[in-house]
Each structure stands twice: as structure tokens, then as C-alpha cells.
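Asks: Can you keep this structure in mind? I'll have questions shortly.
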Amino acid sequence: MYIKSGFLLKKIADEYTAIPYDGNYENISAVVSLNDTGAYLWRYLEEDSSEQELVSALTEEYGIDTSLAKEAVSVFLEMLREHNLLEES
């Protein structure tokens, strides 16, 4: 899975925001703001990444346990799906 083309992640002040470009405005249901962890996962999803790869990345980067990483990734991916930002491969 990966982030749909036509979206950039920009840091504005202390917050990351998914910004549509290239005529993609109709594909976003709301402005999506991300925290540092969400921005970290977004970068992985700019390339094709599996859910397990995202979980592994979180456990390595933040030193959290696998079950907490799985829950965080699941919530993050659901939010991306709700806002039509995720392309399933």
C-alpha cells in the first residue's frame, strides 16, 4: 500500500499536513494533520510498504512493543482510508 499520488506532506509550524496538489482537491475529504509518528509512517507509505513493514519500523524507531505498534498502525491506516489517501497494492 502507498499514499495516493497528488499529495505532499508539509510541516507547517509544529504540525505536518497532507496537502493535495495537481488537481487532487476533490480526492480529499478534509485537511489531514499528522503528528511526528504519523509523518514517519507517511514517509514509508510514499513507497509501497506493507502493514507489517510499518509495524516493524515503529518498533525499531520508537522502541515500543509490537502490539502497541500494530494498534497505532491500524488506527493510522484507517484514518488514511477514511480520507481517501491510501492506495492498496
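Asks: Those residues that are in contact (Cβ under 8 Å) with a residue 24 or more places away in the chain, within 15 Å of residue 35 (Cα to Cα) and of a type in the set (A, V, I, L, M), I need them from segment 49-89; list them, please.
Replies: 72, 73, 77, 79, 80
Asks: Additional query: So for segment 44-58 (the condition being among the hydrophobic types (A, V, I, L, M, F, W, C) and in contact with a strand residue (DSSP E or B) (Cβ under 8 Å, 6 or more places away or on another chain)), does at least one residue qualify?
Replies: Within segment 44-58, one or more residues are among the hydrophobic types (A, V, I, L, M, F, W, C) and in contact with a strand residue (DSSP E or B) (Cβ under 8 Å, 6 or more places away or on another chain).
Asks: Got a number for residues in segment 1-58 being small (Gly, Ala, Ser), surrounded by 16 or more Cβ atoms within 10 Å (Cβ to Cβ) and modelled with pLDDT under 95?
Replies: Number of matching residues: 1.
Asks: If you scan segment 59-85, which residues turn out to be of a type in the set (A, V, I, L, M), buried (at least 18 other Cβ atoms within 10 Å of the Cβ) and out of contact with any strand residue (DSSP E or B) (no Cβ under 7 Å at 6 or more places or on another chain)?
Replies: Within segment 59-85, 69, 72, 73 qualify.
The values are calculated or read from the model by the stated rules, or taken from the named source; none is laboratory data. Because the structure is predicted, anything quoted here is derived from the model rather than measured. Because the Cβ atoms are built from the backbone with ideal geometry, glycine has one as well, and the counts that use them run over all protein chains shown.
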